[in-house]
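Working notes for the structure below.
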Ligand SMILES: [Zn+2]
Ligand SMILES: [Zn+2]
């Protein structure tokens, strides 16, 4: 650890990003063990397309009802953790972290999220040529100062040693919040919201698309549709968490 950052840690003792617990001055971590231990995994068995819960396992069928009815444009979606939006959330859980990350301006959140990812990603570098993050509209990016999906994508790109393209894919329409919408409304809300600006950089590539949280999958599905229309060979999705 560089002397200067040790000095900074002395002045401002590092705290767990999620629960606020103080670390020692020499600590480089941003999330404590207790908070890491509280990360809730997705329940099994899972849909082999969207990783959502399977209501029942019929022989040979491992798709959830929604993926069986309409196959998504992405091949598969993988996630690290379950995201609960209900009131029983404790401070220090993954939702608490993401919420701060989403609405705060603390850039060290990128590092905290890297620690939440753990050692092993549920995706492998051999399957992809390029990493793309779900874009924010420029106005929201300007207001917020950073795109949390891109912070996560930077970390995933670093680990998989794959290039990240954060400019070729853009949001052309500022969609209103998805939070209070049902699935059909979400689909209408994001339709044609994205655009491939530089098709030559997307064409022929197997893309790993990154977002922080997946809710119904309407946003990542519309991204996948647009990227494939723009020439991508395939799109898989990786998110930090998924709402259930
Ligand atoms: Zn903690
Ligand atoms: Zn599914």
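The values are calculated or read from the model by the stated rules, or taken from the named source; none is laboratory data. Predicted model, so just to flag it, every value in this text is computed and none were measured. Don't worry about glycine lacking a Cβ; one is built from the backbone with ideal geometry, like all the others, and counts go over all protein chains shown.
Scanning the stretch 63-98 for residues that are modelled with pLDDT of 85 or more and within 16 Å of ligand 1 (Cβ to nearest atom) yields a total of 1.
In the set (1) closer than 19 Å to residue 49 by Cβ; (2) at pLDDT 90 or above, the condition left unmet by residue 157 is number (1). The residue that is nearest to the chain's Cα centre (by Cα), counting only those in the stretch 26-56 that are more than 16 Å from ligand 1 (Cβ to nearest atom), modelled with pLDDT of 75 or more and over 19 Å from residue 122 (Cβ atoms), is 55.
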